[in-house]
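Everything on this sheet refers to the single structure shown next.
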Amino acid sequence: MTEKKQLHDSCTLHKYEHEAEHSCECNHQHTSCCGGQHAEHKHTCCEAEHTAEVRTILASDGEGILTRTYLLQGLGCANCGAKIERAVGQLPEVEAALLTFATKKLQVQVKSGADLLAAVQEVCDSIEEGISVEESGASAKQTGAAKSKGLSARQRSLAEIISGGVLFIAAEWLGVLPEAYHLPALLVAYLILGRSIIMAAARSLLKGHALDENFLMTIATLGAFAINAWEEAVGVMLFYRVGEYFEELAVEKSRSRIMEAVDLRPETVQLETADGVREIDAAAAKVGDVLLVRVGDRIPLDGVIVEGESLLDTSAITGEPVPVAVRSGDRVMSGCVNTSGMLRLRVEKVLAESMVSRILDSVEKAAASKPHIDRFITRFARVYTPVVVGLAALTAIVPSLVTGEWQYWIYTALTFLVISCPCALVLSVPLAFFSGIGAASRRGILFKGGIVIEALKNVAAVVLDKTGTVTKGEFAVQKLLPAEGVTEAKLLQLCAGAEQASVHPIAISIVQAARSRGLELLQPESFQEIAGEGLAVRIGTDELLCGNRKLMQRYGVADVPQAEAMSGSEVLAARNGQYLGRIIISDTLKADAAMAVKKLQQQGLAVVMLTGDSQEEAEAVAKQAGIKEAHGRLLPQDKFTHLQQLREKYGPVMFVGDGINDAPVLAGADVGAAMGSGADAAIEAADVVFMKSDMGAVPQALALARSTAAIAWQNVVFALAVKAAIMAAGVFGYASMWAAVFADSGVALLCVLNSIRLLYMHR
């Protein structure tokens, strides 16, 4: 694959052809990504280690190149999946191929017009029996569930296991058969259990795939027969089939559970028509259609409520457990659950463009992004099997020639053959990362790929924007400082009356503060807004001024006190040229900001705030949130410079901003994260997207990333350790082929169960 051209698909402003394999996962608006000199830092999407990534799949990849996606129903072997990916990638019509085992989707870059369905099916048939290849268009729910062919194959497999197992137990353990029928019964049981394995091994051998698990298991069990270990040959085949059955079942259950957590797309919707309400396919709903959403139903598509009031459970989208009140005129996202009232919804986005589809697409793309450990294990597996088979051959021959104990050493070699299958290794890593991505999405956190998770676990400092991240981005009156002889209420009443003429956020906050106190506001008769200074308003016979010190100077207002160093913005007021006082306005801290910062610090991370606001404001907000380091008066380019300095000081940094106006800093961070409600721009800009605006999602994402990476490594170390232990024990005569089967299928099953734990962690 290294000789094939790759397309750098993730930097949204450009597409450059690469001769080397390279991937970019962040979709940042880079100023120098691949087109010039890189900034002097390691970035999640632009580091040299990405050169092994084949994540270059686009809807349209340039002139003459298209992407086709195939669904591999019945794919059950992770190692076979890796072989299929390599084999398809070597087809002459193919530019690049990427198989995501977690979703069973094969993405193939082909020359225009090339139809590869038959070719891909042929490749699959040559590697693993029972795979049905189809053009992808099925829902992810179908992806996680076997179709009729898969079900019949599983039922047939279960029938073989039961019948062969019963015969084996009757002949070997219960002793109900006469001695003369003992061996024939074992042979019949072996043929029932091993028929499909032997036939698959024969096909593999004919097609040049001698070292697949079927061939190795066949050789191992036939070898056991050859050394008169009949019972063990049948028993090993039985337990191999049992382990394989439960491993496949566990993988499918894991897939379906994860996809159920992230695939919230409706199959049908209730469409209002002139003739009443009728049920149609969700994909058939058009913009402008009016849908009926009953109590207990999910909001099927993004739209606007045209009638009704209700409380929406948004936890599936944002992770937020508190219901949100909605009414006529409010925009709502698909995936939320209507909990209390009937709603009529006007569709604004079709199914493919709605939030539920965008989240699913994000998860599937993330699953297709292979982390470094996954690529390493895939390469390792290609070496592991031949090495272990070679050790088996040496073990069978060399010690036997020295000691003459051929049966003992051949038996030991046979255990090596059973252990040599790398399925547990190849399976454990992608499923762990897929589980982590799925678990994060359930909590309103979207990871853009396994590489992002790997980068997150190495983060040493979290850099926060202020407005919209640490604070709500909503101004509120903090202090009333009236002049002598003026009450706070009078100052607020007069200033709010004047500010009714403005739509500025500061003006709105003053008006809201006055109304919350029940103050009566007089309507302005005339007003003049002076850009950059404030308002001049007439109410009755009074001329009111509300604005900054420049406005006071313009109108010659006397007795204005000297400016003081304090956080927030000040609004000065005057009536008929007489100074009335000033109002201090500032942004409000998010309720969970201080707790989130504390959790980040408990994780051993440095927390820093960068903002364009004044240094006084930055320090005041930082003090409230418990942030020890804050820098203010920073332009976007200044934030980038400070980010570089923080990286040199602490190590890899994560920047959390709004994903829109902080693009240079997001691009410059090792991990860029967007805080918000899932806006299109934010989803496209960052490596991590927080669907809710709560700060608590930041430490949760970091903890989940660390857990995901830890579980992936746990699986790898556990699988290798068990295999090594069984091999060592076998050499000294303490391990049997039964133990070797556990080291293969049993370990794989335990790795699957360990991976799925991520769905229930960090709640």
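Data for the structure
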{"item": "Strands (runs of 3 or more DSSP E) fully within the range 532-588 counting 2 or more residues that are without any contact (Cβ under 8 Å) to a residue 24 or more places away in the chain and more than 19 Å from Glu617 (Cβ to Cβ)", "result": "534-539"}
{"item": "Search result, residues across the range 573-601 that are within 14 Å of Glu484 (Cα to Cα) and of a type in the set (A, V, I, L, M)", "result": "Ala573, Ala574, Leu580"}
{"item": "Total residues in the range 257-287, condition crowded, with 18+ Cβ neighbours inside 10 Å, assigned to a helix (DSSP H, G or I) and either of a type in the set (Ser, Thr, Tyr) or modelled with pLDDT of 70 or more (or both)", "result": "1"}
{"item": "Every residue from the range 517-531 that is assigned to a loop (DSSP other than H, G, I, E, B) and either over 30 Å from Glu619 (Cβ atoms) or hydrophobic (A, V, I, L, M, F, W, C) (or both)", "result": "Gly518, Leu519, Glu520, Leu521, Leu522, Gln523, Pro524, Glu525, Ala531"}
{"item": "Hits in the range 338-359 - residues which are in a strand (DSSP E or B) and out of contact with any Pro (no Cβ under 9 Å at 6 or more places or on another chain)", "result": "Asn338, Leu343, Arg344, Arg346"}
{"item": "Tally of residues being loosely packed, with under 13 Cβ neighbours inside 10 Å and of a type in the set (Val, Ile, Thr) across the range 481-527", "result": "2"}
{"item": "Lone qualifier among Leu191, Leu187, Leu206 - being at pLDDT 75 or above and more than 29 Å from Tyr408 (Cα to Cα)", "result": "Leu206"}
{"item": "Complete set of residues in the range 548-571 that are on the phi > 0 side of the Ramachandran plot and out of contact with any helix residue (DSSP H, G or I) (no Cβ under 7 Å at 6 or more places or on another chain)", "result": "Gly556, Asp559"}
{"item": "Residues that are surrounded by 23 or more Cβ atoms within 10 Å (Cβ to Cβ), part of a strand (DSSP E or B) and touching a Phe, Trp or Tyr at 6+ places or on another chain (Cβ under 8 Å), drawn from the range 93-106", "result": "Leu106"}
{"item": "Residue in the range 458-473 that is touching a helix residue (DSSP H, G or I) at 6+ places or on another chain (Cβ under 9 Å) and in a helix (DSSP H, G or I) present", "result": "no"}
{"item": "Enumeration of residues in the range 608-648 that are surrounded by fewer than 19 Cβ atoms within 10 Å (Cβ to Cβ), within 29 Å of the chain's Cα centre (by Cα) and charged (D, E, K, R)", "result": "Glu648"}
{"item": "Ile584 surrounded by 19 or more Cβ atoms within 10 Å (Cβ to Cβ) and among the hydrophobic types (A, V, I, L, M, F, W, C)", "result": "no"}
{"item": "Among (1) modelled with pLDDT of 75 or more; (2) in contact with a Gly (Cβ under 7 Å, 6 or more places away or on another chain) - the single one Lys104 does not satisfy", "result": "(2)"}
{"item": "Among the residues listed as Ile162, Ile192, Ile169, the single one being farther than 11 Å from Gly235 by Cα, within 50 Å of the chain's Cα centre (by Cα) and without any contact (Cβ under 8 Å) to a residue 24 or more places away in the chain", "result": "Ile162"}
{"item": "Residue match in the range 592-600 (condition: buried (at least 17 other Cβ atoms within 10 Å of the Cβ), assigned to a strand (DSSP E or B), of a type in the set (A, V, I, L, M) and in contact with a helix residue (DSSP H, G or I) (Cβ under 6 Å, 6 or more places away or on another chain))", "result": "no"}
{"item": "Residue ID - modelled with the lowest pLDDT, chosen from residues in the range 645-693 that are β-branched (Val, Ile, Thr) and part of a helix (DSSP H, G or I)", "result": "Ile683"}
{"item": "Selection from the range 392-409 of residues that are in contact (Cβ under 8 Å) with a residue 40 or more places away in the chain and under 24 Å from Val747 (Cβ atoms)", "result": "Thr395"}
{"item": "Unique match (being under 16 Å from Phe655 (Cβ atoms), of a type in the set (D, E, K, R) and touching a Lys or Arg at 6+ places or on another chain (Cβ under 9 Å)) among Lys466, Lys448", "result": "Lys448"}
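Residue-by-condition table, conditions (1) modelled with pLDDT of 85 or more; (2) in a loop (DSSP other than H, G, I, E, B):
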| position | (1), (2) |
| --- | --- |
| Glu85 | yes, no |
| Leu91 | yes, yes |
| Gly130 | no, yes |
| Ala138 | no, yes |
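One line per residue, one yes/no per condition, for (1) assigned by TED's automatic domain parsing to the domain that holds Ile451; (2) farther than 30 Å from Ser707 by Cα; (3) modelled with pLDDT of 80 or more; (4) surrounded by fewer than 19 Cβ atoms within 10 Å (Cβ to Cβ):
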position: Leu345; (1), (2), (3), (4): no, yes, yes, no
position: Leu360; (1), (2), (3), (4): no, no, no, no
position: Arg382; (1), (2), (3), (4): no, no, no, yes
position: Ala396; (1), (2), (3), (4): no, yes, yes, no
position: Tyr411; (1), (2), (3), (4): no, yes, yes, no
position: Ser428; (1), (2), (3), (4): no, no, no, no
position: Ala440; (1), (2), (3), (4): no, no, yes, no
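The values are calculated or read from the model by the stated rules, or taken from the named source; none is laboratory data. All values reported here derive from a predicted model rather than from experimental measurement. Here Cβ is always computed from backbone atoms with ideal geometry, including for glycine, and neighbour counts include all displayed protein chains.
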